[in-house]
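> Can you keep this structure in mind? I'll have questions shortly.
The values are calculated or read from the model by the stated rules, or taken from the named source; none is laboratory data. These numbers were taken from a predicted model, which means no experiment stands behind them. Positions of Cβ are backbone-derived with ideal geometry, glycine not excepted, and every protein chain shown enters the neighbour counts. Ligands, DNA and RNA are excluded from the accessible area calculation, which covers all protein heavy atoms including side chains. Shrake-Rupley method; radii C 1.70, N 1.55, O 1.52, S 1.80 Å.
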Amino acid sequence: SYSLALLPRPNNPVPVLNAPFDVLLVVQTGSSEAAQSVRDSADKLLETFVAPLEDEQLDEQSFRTLRAPDTGEAVLRVGAVDNLLVIGTGSAAQLALDARRGDNRLIAQPRWQNLNQDDQIPYIYVDVNAYYNTFLPTIGGPAVRPVSQMGVQSRYLGDNLFDLRVLVALSQ
């Protein structure tokens with residue numbers, strides 16, 4: 001089980017990478033020991049090919065952090081939280097820990113709840129306007145697209161049949 005997210009930050013690019021978004025990868029492992037082992041392997045890989053990492057505490061969780069040499073800002077964080085491996089650029093790891101504590105601003109939004117039919121959570125969720133305004137910005141500021149959100153839900157029906165639903169919300 002894993003989650004991969006791109007978190008827009010168009011006015012504050014990730015240091016060194018200069019990306020207008022943070023990347024967050026959360027991978028569920030079989031145990032906390034397995035998560036720690038994967039974290040140690042990721043640490044070794046990063047330190048071998050990139051630069052030394054430093055120890056950092058985020059919400060009482062141990063992370064290894066790669067910092068921008070000129071500013072000291074976090075570029076990448078790697079941590080093991082219970083049985084989860086958390087890898088995030090910029091502030092993404094902190095946002096994941098905030099969500100773990102209950103500060104989950106995404107699912108508390110009506111736009112997210114509109115795409116949750118029959119209590120099925122979308123496997124893919126795209127805030128279309130945020131996506132375009134981050135990755136394909138228009139001159140003159142944010143633009144509103146005809147489709148504001150998209151979600152994809154699926155479920156297995158048996159006998160090699162799947163129910164795949166694509167839900168869209170139109171801009172008003």
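> Please report the carbon-and-sulfur percent of the accessible area for the chain; probe 1.4 Å, protein heavy atoms only, DNA, RNA and ligands left out.
55
> While we're looking at this one, here's another question. Taking 0.36 nm per residue of separation and subtracting the Cα-Cα distance, what length does fully extending N83 through E56 add?
Here the segment from N83 to E56 would lengthen by 7.8 nm.
> Let me ask you something else. Give the longest segment of the chain that steers clear of trypsin sites (Lys or Arg not before Pro) in DSSP loops with at most 14 neighbouring Cβ atoms within 10 Å, not counting the sites themselves. Write down the numbers at each step before the final one.
On the way: sites that count: R101, R105.
Answer from the scan: 1-100.
> What Kirkwood radius, in Å to one decimal, follows from the Cα pairs of region 45-145?
16.4
> Using only helices, what value at 222 nm comes out for the chain when you add -39,500 (n - 2.57) per DSSP H run of length 4 or more and divide by the total residues, to the nearest 500 deg cm²/dmol?
Only helices count here, giving -6500 deg cm²/dmol.
> So if we plug the beta-carbon distance of D103 and L17 into 1/(1 + (r/R0)^6) with R0 = 25 Å, what FRET efficiency do we get, rounded to 0.05?
Numbers: r = 25 Å, r/R0 = 1.00.
About 0.50, to the nearest 0.05.
> Could you compute the net charge surrounding P15? Neighbours are other residues with a C-beta less than 13 Å from the C-beta of P15; K and R count +1, D and E count -1.
Value of the local net charge: 0.
> (1) 1.18; (2) 1.11; (3) 0.99: which one is Cα Rg over 2.2 N^0.38 Å as calculated from this entry?
The value matching this structure is (1).
> For S148, S62, what's the largest-to-smallest order of accessible area, 1.4 Å probe?
Largest accessible area first, the list is S62, S148.
> Which Cα, out of G102, N129, Q149, lies furthest along the positive dipole direction of region 76-172 (beta carbon charges, K/R +1, D/E -1)?
So the residue furthest toward the plus end is N129.
> Which one of T48, S31, Y2 has its Cα pushed farthest toward the positive end of the charge dipole of region 1-102, where Lys and Arg give +1 and Asp and Glu give -1 at the Cβ?
Sorting the options by dipole projection puts first Y2.
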